[in-house]
Amino acid sequence: MIDRKLMDDLPISRGLRGRCPRCGEGRLFRGYLSLRSACEHCGLDYGFADAGDGPAVFVILIGGFIVVFAALITEVAYQPPYWVHAALWLPLILIVTLAPLRLIKGLLIALQYHHRAAEGRLERRGDS
């Protein structure tokens, strides 16, 4: 059995819960997807956090697979009219894209902190 305290210390758990990647106490988000400037508990500056388009890409790929697979199976098995497809898949698209977006963004930011990820820089080599 995994200890609850150990689970809370993992960056994956902190990111999925939308908590500060350093202390796990402060909130990471100000709104649904907008980040706070710093942790209100430990003062960690969230300026390092740049998830970019990563969360959206993961959500599009995973959600797209789910919706397209379900739509194809439904079409082959039942051949419903187009309005049934619209009634079924438009709400499902909203659910599988909006629900995990915040979770994945928090996870990617926590993993950036954990692995000390930074923007790539070119270093000049000394002349030999």
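What to note about this one:
- Model label zone, Phe29; criterion: amide N under 15 Å from point 7 Å along Cα-to-beta-carbon; scope the stretch 103-121: 103-110
- Between amide H atoms placed 1.01 Å from N, distances below 5 Å from Ala38 occur with Tyr46, all of them 5 or more places distant or on a separate chain.
- Per-residue ³J(HN,Hα) for the stretch 10-25, Karplus 6.51 cos²θ - 1.76 cosθ + 1.60, θ = phi - 60°, Hz, x for Gly and Pro: 6, x, 5, 5, 5, x, 5, 7, x, 10, 4, x, 8, 9, x, 9
- With contacts taken as Cα pairs under 8 Å and at least 6 residues apart, the stretch 10-114 reaches a relative contact order of 44 percent.
- Net charge dipole size for the chain [Lys, Arg +1 and Asp, Glu -1 on Cβ; Debye, nearest 20]: 320 debye
- Read-out mean projected area of the Cα convex hull in nm², derived from the coordinates shown; its label in (i) 11.5; (ii) 8.2; (iii) 14.0: (iii)
- The order of the peptides 90-102, 18-30 by mean Cβ neighbours within 10 Å, most packed first, is 18-30, 90-102.
- Each of His115 and Ile12 was given a label point 7 Å from its Cα along the Cα-to-Cβ line. The distance between the two points is 1.3 nm.
- Gaussian network model of the chain, springs between alpha carbon atoms under 10 Å - residue of Arg36, Arg116, Arg17 with greatest fluctuation: Arg116
- With each label modelled as a point 7 angstrom along the Cα→C-beta vector, the Leu90-Ala77 pair spans 2.3 nm.
Readers should treat all values here as calculations from the given coordinates under stated rules, not as data from a laboratory. Note that this is a predicted model, so its numbers are computed, not measured. FYI the Cβ positions are ideal-geometry reconstructions off the backbone, even for glycines, and counts take in every protein chain you see.
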